[in-house]
Structure formats: C-alpha cells, structure tokens
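S.K.: There's a structure below that I have some questions on.
Nothing in this text is a laboratory measurement; each read-out follows from the coordinates by a stated rule. Owing to the predicted nature of the structure, the values given are computational and were not obtained by experimental measurement. Glycine gets a Cβ as well: all are built from the backbone with ideal geometry, and neighbour counts include every protein chain shown.
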Amino acid sequence: MSIAVRLRDDLKIAMKSKDELKKSVIRLALAGLKNAELEKGAPLSESEEVDVMARQAKMRRESIEEYEKAGRFDAADVERKEMEIIMSYLPRQLSEDELRQIISETIAQTGAEEPRDIGKVMGAVMPKLRGRADGKLVNSMVREMLDAQGGEE
C-alpha cells in the first residue's frame, strides 16, 4: 500500500476521532506528495513518496533544533509530535550499529581512505538508506569513520 493511500485512510480516521494535530500533519504530507507529483508530471513511485516524507521529517527535525536554540520548547514539542506522525509512514529507521555496518561496507566498496573521500561514500550510501536514516547522522558517521581510517596510517 502506498504512503498516499495510507495517509488518506488515516486522514479519515483522524477526522472521525477529531485528532486535529494528526489531521493537519496528514493534510500537509498529502499536499507535499501532490506537489511533488505535479512537479514530476506523473504519479510518484514508492521510493519517491519515501523521499518526500523524509524531506518533511527533515524539515521538522531542523525546526526542532531552531526552536530549542531559541528557547521555544513548547513549539519544539509540537514539531516533535508532528515528526513522530510523519516518521510512522517511513520505513523503520536503522540503528547506529546497522548504519555503521552499511557505511563500512560502502567505504570498502568505494575504496575511500580519507576524509576528502566523503562525497564518494555519501553518494554511494544514501541511496541504500533511502528514508531509513537521517542524512546528517549518516554524514557525521561517515566523516568519523573516514577520520579514524585516515588516522590509522
């Protein structure tokens, strides 16, 4: 079942249960999917739907950081709840151990040896992780692993 179909089904449930937060988040998510579909000029594939939802989760994650920096913890909490709703439509997020394993394999496959090879690794690893990991976290882990590898010589 596609993400859009699940969202529409859950919107009906949220409307019946009068869950205003879930209703508004689902409507925004559906609008994001519709905009992406219009931009593409064709129906979205499942992986493209995951990409759209992952971007929406990323926007919320960034908003949480900004609100917390500004001391607006009430707004950060709302964004956190919205992000949880969006994350429920994404594939299961990988653990740090799973991420390290995939990154390690990708580093070996790409022949990356030092921190300046980060672009090569990120370009190869991100398609494997589509919607299952935060890009910022992956980037910092790749950087950390390449730093450790470069320091071994």
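S.K.: Once every DSSP H run of n ≥ 4 in the chain is given -39500 (n - 2.57) and the sum is divided by its residues, what mean residue ellipticity at 222 nm do you get, rounded to the nearest 500 deg cm²/dmol?
M.R.: The per-residue figure over the chain is -26000 deg cm²/dmol.
S.K.: Right, something else. Suppose we keep just the alpha-carbon trace of the chain; what are its Rg and Dmax in angstrom?
M.R.: Rg then Dmax for the chain, in Å: 18.1, 62.
S.K.: Hey, another quick one. Give the cross-link partners of residue 81 among the lysines, using a straight C-alpha distance below 26 Å as the criterion and excluding same-chain residues fewer than 8 apart.
M.R.: Once the sequence-local lysines are set aside, what remains near residue 81 is 12, 16, 18, 22, 23, 34, 58, 69, 136.
S.K.: Related question: Using the Cα centre as the reference, give the magnitude of the dipole from point charges on the C-beta atoms of the chain (Lys, Arg: +1; Asp, Glu: -1; all else neutral), rounded to the nearest 20 debye.
M.R.: With only Lys, Arg, Asp and Glu charged at Cβ, the dipole is about 980 debye.
S.K.: Mind jotting down the distance between the C-alpha centroids of the range 1-38 and the range 82-131, whole Å?
M.R.: 28 Å
S.K.: A follow-up question, please. Fully extended, how many nm does the chain gain between residue 70 and residue 109 (0.36 nm per residue separation, minus their Cα-Cα distance)?
M.R.: Separation in residues times 0.36 nm, less the Cα-Cα distance, equals 9.8 nm.
S.K.: Give me the one-decimal nm value for the distance between modelled label points at residue 149 and residue 2, 7 Å along each residue's Cα-to-Cβ direction.
M.R.: Here the answer is 3.8 nm between the modelled labels.
S.K.: Please work out how much length the chain gains when fully extended from residue 78 to residue 35, using 0.36 nm per residue of separation minus the C-alpha to C-alpha distance, in nm with one decimal.
M.R.: Difference between extended and current length: 13.1 nm.
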